[in-house]
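Reviewing the structure listed below.
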Amino acid sequence: MKKNKIMISKTPWASRKFNFDFPVGYFPCIFSRLQGTSARINELVKGFSEKELGNKIENKWSVKEHIGHLTDLDELHDGRMDDYKNNAVILRPADMNNKKTNEANHNAVTSSTLIDQFTKSRNKFLKRFESTGEKELSKSALHPRLQQQMRIVDMAFLLLSMMTIILQQSAKYYLSTHFKLYWNADFYDDYD
């Protein structure tokens, strides 16, 4: 008997919509997950050579490039925290072409250096969250691509969602290399 496969096409990152209507009280859980990113990355790269971590995944970014991209994105989010602090009406836009990551040559850098850079960048960014009170977490501004109001707590959630997708893409390489699994490219496509 032939088994049926259920195939679900993943919605590209730029086409996703979000509902930012959850309570600010969710922030401690979101914050905790963001704090654990470096540990998840360290676990992901264990046992791989620098060459393997620099290999492109189906002609897309390598694990090293994904790690570097997370660091690159923290600059945007740190700037958006400034936007909230300065009561901006519209948040600064992201570079949807990812110029910084594409030009950075993250594959030429060791994975331990990339992880160290990410950890320092992320810790600096998270310190800004730690000093943000409940009232400030509710501050909102217009997200330029989504065209909807986004609070600081929503930005943290959006960052967590993006981080999860990036780590899934890197995990895809890990699992396919170690377990020779078949992956549906449409489902595990990168988040662009």
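Any read-out appearing in this document is the output of simple, stated calculations on the displayed coordinates, not a laboratory observation. Quantities reported herein were computed from a predicted structural model and do not represent experimental measurements.
Considering every Cα-Cα pair within region 24-179, what fraction, in whole percent, is farther apart than 19 Å? Numbers along the way, then the final one.
Details: 6570 of 12090 pairs.
Percentage above 19 Å: 54.
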Mind listing the phi-derived Karplus ³J(HN,Hα) values for region 104-114, rounded to whole Hz, using 6.51, -1.76 and 1.60 with θ = phi - 60°, and x for any glycine or proline? 6, 6, 4, 5, 7, 9, 5, 4, 5, 5, 4
Amide H to amide H under 5 Å from Q148: which residues, 5+ apart in sequence or cross-chain, H placed 1.01 Å off N in plane? H143
Phi to ³J(HN,Hα) by Karplus 6.51 cos²θ - 1.76 cosθ + 1.60 over region 67-74, Hz, x for Gly, Pro: 5, x, 5, 4, 5, 4, 5, 4
What is the set of long-range amide H partners of I57 at a cut-off below 5 Å, with H atoms built 1.01 Å from backbone N? S62
